[in-house]
Amino acid sequence: MHVLYLIFVDPFMQMVHSPDLLMQTLWDGLVGGVLYALIALGFVLIFKASGVFNFAQGIMVVFAALTLVGLHEHGVPAFVALGLTVLVMLVLAFGVERLMLRPLVNQSEIILFMATFGLTYFLIGFGQLVFGGNPKVMIAQDLYLPSGAIEWKGHFGFVSFQKIDIAAVIIASIMVAVLAVFFQRTRIGRALRAVADSHQAALSVGISLEQIWVIVWFAAGVVALTTGIMWGARSEVSFSLQVIALKALPVLILGGFTSIPGAIVGGLIIGIGEKLGEFYWGPLLGGGIENWLAYVIALGFLIFRPQGLFGEKIIERI
Amino acid sequence: MREPAANETALGEALLAAEDVSLSFGGVRALTGVSFDIRKGEIRAIIGPNGAGKTSMLNVVNGFYQPQSGRITFKGEVRKSMRPYAAARGGIARTFQNLALFRGMTTLDNILAGRTLKMHRGFFWQLLRYGPALREEVEHRRRVEEIIDFLEIAAIRKVQVGRLPYGLQKRVELGRALAMEPDLLLLDEPMAGMNLEEKEDMSRFIIDVNQQYGTTIALIEHDMGVVMDLSDRVVVLDYGRKIADGTPDEVKRDKDVIRAYLGETH
């Protein structure tokens, strides 16, 4: 009885009794969720356009952040370094298309997936060679990202918002909005959606797959850079950051591998879900459930909606 | 049947000429020394039994396959290796035997995608829908609406094509190819799986496209009645070789053709 009380009654009592703590937890979850969503977005962009599950998305986040900080350490002004890093991501996109995707065209998905493992280890090795393996501090101040916190007092208590988190949410929202409009309105956006639906048909109307692949990998690179800056500013820039990419997996299972809104909603559900779980139900299990709760949520989804929240429903014609 | 005499004079020089084209996959020979031409303004049918190499031939013309030997001249120029992207750029549009549509997109967007190569404004301005980019978008929309009216699919403009019945999907696919304003339109079994009424509609569209826009058309079709009615000239393939070439009447009487279709008589 007591256990049931602790699971089904007590957490909700706590939520009602101290709404400030609830709000704080929700906010922290939201911010984490936004960053998961960004990583998942990088995956979705590439998966939609080329059917490649890009294992390297996580390391691209680290690599982009590392390049930015590394360039700054070598005396390059912050915004110049930012521009150069974008350029590096563009070169990376060209390199991936030329050296990886083009020679492997028409190979099965698992081979392309393995190739992205190769890319992962190349980026780890190359990043360490050039910038060293030590954790670095994100140049948040030089990029005029805010620091400190705002405290918001209500009659029930107070909630503290880190300014960097607010910035992260705003920047992520802007980026998603721009991407959405880009997909909807531009020739290239329409071509991207077309390629996602049918390679053959896209080729026949004169869409160049090579060009599209470069564009999606570049877009994923820019998303990775943004994620890297935000995540780096909250903790530090190190290779251990790449494990957060594994958190994108449950997000993708939740949201569907081909849906941009799915990536966002999925990210938020996972982010908020794991913070709520950790705070209210974690103590029951001795804490630390944040690390695996996301996967359990995803597992639950796999049972009931294998195609994800927004994924295309798989209907087999018999 | 159409008037061959009137057309014979209207037919211009060869738009596309294939000479001695051979294509094989590993040990399987799909095409062996095939030569034929497609003249400006005509409707050219490619027929033959299953596995005769008809679709392979279209895939060669459209750059999906690279022939091992032979020469293809398009618009008076000998093509080196051809890629689908370059073929589209050169004015070749096509439809597919088993439909290749952008299933998640609306009819409007599918046809608009056919205008990809005709859009030139920078993506930044398209993003903002501003100035010349806006005018360009409006112009393209207008052309697309014309095609939609022409194909009588106004009612399904905003419907995702994946949800449409087969006959309408075929029509959308034709619309997308027309949106490219091609010089050469390749149709791979445009009437496969259609009922009589749908076939009649599609035949009418094909003739209208040919006559109103002067588009040269090469089509593969199994329905002999349709082929004989529509086409100016017919090339017949069997086991990857050309066995006959001429007007529908000539082809119909050809011994080899009869044998290929009806089997050997002993």
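Tabulated values for the structure
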{"item": "Residue within segment A:240-261 that is among the small types (Gly, Ala, Ser), within 14 Å of chain B (Cβ to nearest Cβ), surrounded by fewer than 23 Cβ atoms within 10 Å (Cβ to Cβ) and more than 24 Å from residue A:295 (Cβ to Cβ) present", "result": "no"}
{"item": "First in segment A:80-96 and touching a residue at least 24 places away in the same chain (Cβ under 8 Å), second anywhere and of a type in the set (Phe, Trp, Tyr), Cβ under 7 Å, 6 or more apart", "result": "A:89/A:218; A:90/A:218; A:93/A:217; A:93/A:218; A:96/A:217"}
{"item": "Hey, residue A:120 under 20 Å from the mean Cα position of the chain (by Cα) and under 15 Å from residue A:64 (Cα atoms) or not", "result": "yes"}
{"item": "Enumeration of residues in segment B:52-67 that are buried (at least 23 other Cβ atoms within 10 Å of the Cβ) and either over 17 Å from residue B:31 (Cβ atoms) or of a type in the set (Val, Ile, Thr) (or both)", "result": "B:60, B:61"}
{"item": "Residue within segment A:188-195 that is more than 14 Å from chain B (Cβ to nearest Cβ), buried (at least 20 other Cβ atoms within 10 Å of the Cβ) and at pLDDT 85 or above present", "result": "no"}
{"item": "Number of the condition not met by residue A:153 [criteria: (1) basic (Lys, Arg); (2) farther than 19 Å from residue A:30 by Cβ; (3) in contact (Cβ under 8 Å) with a residue 12 or more places away in the chain]", "result": "(3)"}
{"item": "Residue match in segment B:127-145 (condition: buried (at least 22 other Cβ atoms within 10 Å of the Cβ) and within 14 Å of chain A (Cβ to nearest Cβ))", "result": "yes"}
{"item": "Qualifying position, being over 14 Å from residue A:37 (Cα atoms) and in contact (Cβ under 8 Å) with a residue 24 or more places away in the chain, among A:294, A:298, A:263", "result": "A:298"}
{"item": "Residues being surrounded by fewer than 20 Cβ atoms within 10 Å (Cβ to Cβ), in contact with a Ser or Thr (Cβ under 9 Å, 6 or more places away or on another chain) and either within 30 Å of residue B:180 (Cβ to Cβ) or within 14 Å of another protein chain (Cβ to nearest Cβ) (or both) - total across segment A:148-187", "result": "1"}
{"item": "Count - residues of segment B:96-120 that are within 8 Å of chain A (Cβ to nearest Cβ) and assigned to a loop (DSSP other than H, G, I, E, B)", "result": "9"}
{"item": "Unique match (being surrounded by 21 or more Cβ atoms within 10 Å (Cβ to Cβ) and either more than 14 Å from chain A (Cβ to nearest Cβ) or touching a Pro at 6+ places or on another chain (Cβ under 9 Å) (or both)) among B:70, B:27, B:48, B:76", "result": "B:48"}
{"item": "Residues of segment A:284-299 that turn out to be surrounded by 13 or more Cβ atoms within 10 Å (Cβ to Cβ) and not aromatic (Phe, Trp, Tyr), as a count", "result": "8"}
{"item": "Some residue of segment A:54-77 being part of a loop (DSSP other than H, G, I, E, B) and surrounded by 24 or more Cβ atoms within 10 Å (Cβ to Cβ)", "result": "yes"}
{"item": "Those residues of segment A:196-220 which are within 7 Å of chain B (Cβ to nearest Cβ) and over 24 Å from the mean Cα position of the chain (by Cα), in sequence order", "result": "A:198, A:200, A:201, A:203, A:204, A:205, A:206, A:207, A:208"}
{"item": "Helices (runs of 4 or more DSSP H) contained entirely in segment B:148-266, each with at least 2 residues that are away from chain A (no Cβ under 14 Å) and closer than 30 Å to residue B:74 by Cβ", "result": "B:196-212, B:224-230, B:248-253, B:255-262"}
{"item": "Residues located in segment B:216-266, provided they are farther than 18 Å from residue B:200 by Cβ, of a type in the set (Ser, Thr, Tyr) and surrounded by 21 or more Cβ atoms within 10 Å (Cβ to Cβ)", "result": "B:216"}
{"item": "Residue ID - farthest from the other protein chains (Cβ to nearest Cβ), chosen from residues in segment B:52-67 that are small (Gly, Ala, Ser) and in contact with an Asp or Glu (Cβ under 9 Å, 6 or more places away or on another chain)", "result": "B:52"}
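The values are calculated or read from the model by the stated rules, or taken from the named source; none is laboratory data. In this text the structure is predicted, and so the values were computed from the model without any measurement. Every residue, glycine among them, receives a Cβ derived from its backbone with ideal geometry; neighbour counts consider all protein chains shown.
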